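The values are calculated or read from the model by the stated rules, or taken from the named source; none is laboratory data. Not measured: the values here are computed from a predicted model. Using ideal geometry, Cβ is built from the backbone for each residue, glycine included, and neighbour counts are taken over all protein chains shown. The protein model used for the area step is the full one, side chains on, heavy atoms only, and it has no ligands, DNA or RNA in it. Shrake-Rupley method; radii C 1.70, N 1.55, O 1.52, S 1.80 Å.
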Amino acid sequence: MFVLIFFIAIVVGILGSMLGIGGGVLLIPVFTLFLGIPIKTAIGATIISVIATSSAAGVVYVGRGLTHTRLGMVLEVATTLGALAGGITAVLISPRALQGIFGVVLLYVIYSMGRLPKEEAAVAPTGVMDTTFMDPLTGAEVTYGVRNMPLGFGASFLAGNVSGLLGIGGGIIKVPVMVLVMGIPLKAAIATSNFMIGVTAATSALIYYGRGYIDPQIAIPTALGILVGAQLGPRLGGRMRTMTLKRLFQGLLVVFAVQMLWKSLLGG
Amino acid sequence: MNVPRSRWGATRALWRGLRWRWIETTRALRRGILRRPRERKKVAALTVTRDLNEAVHRILVVGLIVSALLMLIGVAIDLAQRQTLPTTVLPPAQAIRQAFHLNASGFLSLGVLVLILTPLLRVVGSLIVFVWERDGRYAVITGLVLIVMLISLWIGQA
């Protein structure tokens, strides 16, 4: 079991890092549908691996100065509150309901995967938390400010809530909102979202830990496997066509979403 | 003459003295997380952010390495002993005790615990930096995040 989970996690880590999507979205269906792991234990395991990936990626992003630390801190108030509410809810509600919600969120993820913004809207200083970073690709200095803070705060609460409830990172909600609504450059948005994910996931993980939903024999191979996979992903990425991969991934997720919803509605 | 007028004035003068002493000692540690606030006032806001990022950076690196090591030790002991392990993590005190007895379950639980506590420590670190910089607004914001995390810690135990 240990070795099997480790290898599954490596594969998911590779796929996730190539597509810029966290592992939880794929791991939870695999764990519950094929390995017969109870959904709450599966969520406990992925929330741990979400923290691990966030810390590992944070080391790279923060070092490069891409992360808008202050904006991250402000939005963390919302994401942690959301995660707290989500974590409590997840512990209390029935596994079937949780499965249903997961299926619905999965459908949203499939929808938004193809729609991740390629280029940001006009980026400009606004006088609110203006900051500057150097684009690692072009070497140009980019200065930008923050727009629509209340809306961003609301979206962050929702992202934290989904993260705490389902054991996923929540970047799939935060990044599009930060780029399209708040006027943050894509690279900075990804880095800042990742920065918040660690703290957000840790908030609900504290609840899962105390309540005994973290099984080390599942959580640890998952975390280690995802970490290894995330290191390998970018190295293999160049050899495969991302577009083909994305379509395949979406197809897989559709199957999983339907299965999750089916199981939730009919039980079993 | 700079005579303190009230008891609070004296306390503040003492505090400033202590602070200065602390600053002088940390100055030697060039690569220390915290730098002299006076020096900082002269430089651009960008450098402040970079200092903050550096502090955060270090906490994440150390936490991740320590946790991965604990997990690997746990896995190694587990593979050597092949005992049936508990299917939930242990409460912190018990985890430490088990680790002292070189039991796999202790190391595995501690690895998970360190991983979860790393972001919490990161928040504490940021809070200290903001207080040091006398940045009241961000100190409050970071304090709020910390409070929420502590509430969830408490809910997990209750």
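Data for the structure
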read-out: Those residues of the range A:179-235 which are over 23 Å from residue A:28 (Cβ atoms), open to solvent by less than 20 Å² (accessible area, probe 1.4 Å) and in contact with a Leu (Cβ under 8 Å, 6 or more places away or on another chain), in sequence order; value: A:179, A:182, A:184, A:188, A:191, A:192
read-out: Residues satisfying the stated conditions in the range B:113-123, i.e. open to solvent by less than 50 Å² (accessible area, probe 1.4 Å) and more than 9 Å from every other protein chain (Cβ to nearest Cβ); value: B:114
read-out: Filtered residues of the range B:131-144 (kept if in contact (Cβ under 8 Å) with a residue 24 or more places away in the chain and assigned to a helix (DSSP H, G or I)); value: B:132
read-out: Of the criteria (1) over 16 Å from the mean Cα position of the chain (by Cα); (2) surrounded by 24 or more Cβ atoms within 10 Å (Cβ to Cβ), which one residue A:244 fails; value: (2)
read-out: Criterion (farther than 30 Å from residue A:261 by Cα and touching a Ser or Thr at 6+ places or on another chain (Cβ under 9 Å)) met by exactly one of A:77, A:50, A:59; value: A:77
read-out: Count of the range A:14-64 residues which are away from chain B (no Cβ under 14 Å) and at pLDDT below 90; value: 13
read-out: Selection count where residues are surrounded by fewer than 24 Cβ atoms within 10 Å (Cβ to Cβ) and either part of a helix (DSSP H, G or I) or at pLDDT 90 or above (or both), scope the range A:1-13; value: 9
read-out: Unique match (being without any contact (Cβ under 8 Å) to a residue 24 or more places away in the chain and touching a helix residue (DSSP H, G or I) at 6+ places or on another chain (Cβ under 9 Å)) among A:3, A:59, A:12; value: A:59
read-out: Evaluation of residue A:169 against (1) at pLDDT 90 or above; (2) away from chain B (no Cβ under 12 Å) (one fails), failing number; value: (1)
read-out: Residue within the range A:136-156 that is within 14 Å of chain B (Cβ to nearest Cβ) and on the phi > 0 side of the Ramachandran plot present; value: no
read-out: Hey, residue A:258 touching a Leu at 6+ places or on another chain (Cβ under 8 Å) and either at positive phi or in a helix (DSSP H, G or I) (or both) or not; value: no
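Listed here are the residues, each with its yes/no results for (1) at the interface with chain A (Cβ under 10 Å from one of its Cβ atoms); (2) open to solvent by 40 Å² or more (accessible area, probe 1.4 Å).
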residue	(1), (2)
B:54	yes, yes
B:72	yes, yes
B:87	yes, yes
B:90	yes, no
B:111	yes, no
B:125	no, no
B:149	yes, no
B:157	yes, yes
